[in-house]
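So the structure is just underneath, and the comments pick up after that.
Values in this text are rule-based calculations from the coordinates and carry no lab data. Given the structure is predicted, the values throughout are model-derived calculations rather than measurements. Using ideal geometry, Cβ is built from the backbone for each residue, glycine included, and neighbour counts are taken over all protein chains shown.
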Amino acid sequence: MRVLITGGTRGIGLATALDCAARGWPLALGYRGNAGAAGAALDGVGAAGGKAHAFAADVADPAQVAALFDQAERALGGLDGVVVNAGIVAPVMPLADMTPERLDRMVRVNLTGALYQAREAARRLPEGGAIVFVSSVAARLGSAGSYVDYAASKGGVDTLTIGLAKELAPRRIRVNGVRPGIIDTDIHADGGEPDRVARVGASLPLGRAGTAAEVAAAITWLLSDRASYASGAILDIAGAR
Ligand code: NAP
């Protein structure tokens, strides 16, 4: 299976890349601008015996998303799977204090960006193809007082998953989502909360935060033929949260 993973160079995307590489699947990894992390990701995939290419593209820009899919198709000779994973958070605060610029960026990256990626995937994937959206358990919880903008953007991703699964089912393309809980990646520090995993982890139902590899295992399963009758599913990987 030839797979494009956006945000594939760090965190959950990178763990998914390593899991795909272990299955011998050739990969294209999208990222926004951290070329150092992209280089390290390619080294990691290579060390795992896999083959990957990395391309910079801001998912909030439709022209860059189209170019990313073009580059991935050229590099891999086509695409069979797409993981719509790139996403951001922003500093914790009540909605009343959020600027219009923040709200606009949150929705443009997490939701409009997902729509751009989904549109390209819908245009290009063949019969038997699969799309996996990386949402968040925040879509179900609402993230009151922390980031309702992020939660709302992911709620949109869940609705997109349900609708696109039905829209692409006649073409035998499966569409599913995962909703991670609190997962140990850079995203928390980038959102201004470097201690979030340690601070909140112990209070979670399973007594700890999750790992990126634990989310990746679900994504890889949903991509694979082993999930051949799963479509329109949204799988919580959130430790009973
Ligand atoms: P991460 O470690 O911060 O990695 C983010 C990745 O996305 C990087 O490769 C980054 O590229 C890329 N990216 C960010 N903004 C982008 C943009 N505008 N265009 C293209 N690429 C962009 O994040 P993560 O924690 O693995 O999160 C991955 C997904 O899981 C996100 O959708 C997030 O909302 C979701 N999620 C995470 C958690 C969690 O606790 N970690 C929980 C629930 C859901 P650069 O390296 O170039 O910046």
* With no solvent and one point on each alpha carbon, what is the Debye value of log10 I(q)/I(0) for the range 149-241 at q = 0.15 Å⁻¹? -> -0.68
* Asked: Taking a quarter of the surface of the Cα convex hull of the range 30-82, what do you get in nm²?
  -> 3.8
* Qualifying GluC sites (Glu not before Pro) in the range 82-131, DSSP loop, other Cβ atoms within 10 Å at most 16 -> 127
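Output needed for the range 1-60: three equivalent-ellipsoid semi-axes, defined as square roots of 5 times the C-alpha gyration tensor eigenvalues, in descending order, whole Å.
Numbers: eigenvalues 58, 27, 15 Å².
Taking √(5λ) for each Cα gyration eigenvalue gives 17, 12, 9 Å.
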* Asked: How big, in percent, is the set of alpha carbon pairs in the range 9-135 lying more than 16 Å apart?
  -> 64
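I need the per residue convex hull volume for the range 53-110, using only the alpha carbons, in cubic angstrom as a whole number.
91
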* Would you pull out the residues with amide H under 5 Å of residue 50's amide H, same chain only if 5 or more places away, H placed 1.01 Å from N? => none
* Step through the residues of the range 181-195 one at a time and calculate ³J(HN,Hα) from phi using the Karplus curve (6.51 cos²θ - 1.76 cosθ + 1.60, θ = phi - 60°), rounding each to whole Hz and writing x for Gly and Pro. => x, 8, 10, 6, 9, 5, 4, 6, 5, 5, x, x, 10, x, 9
* Structure fact -> Helix 148-168: inclination vs the chain longest Cα principal axis, degrees, rounded to 10, gives 30
* Of the peptides 197-207, 138-148, how do they stack up when ordered by the mean number of other Cβ atoms within 10 Å, highest first? -> 138-148, 197-207
* When the gyration tensor of the chain is built from Cα positions, what are the square roots of 5 times its three eigenvalues, in whole Å, from largest to smallest? -> 26, 19, 18
* So what are the ³J(HN,Hα) numbers for the range 28-33, from phi and the Karplus equation (6.51, -1.76, 1.60; θ = phi - 60°), rounded to whole Hz, Gly and Pro as x? -> 10, 10, x, 8, 8, x
* For the range 115-186, compute Rh as the Kirkwood radius over C-alpha pairs and then the Stokes-Einstein diffusion coefficient at 37 °C and 0.692 mPa s; write the answer in µm²/s, rounded to an integer. => 252
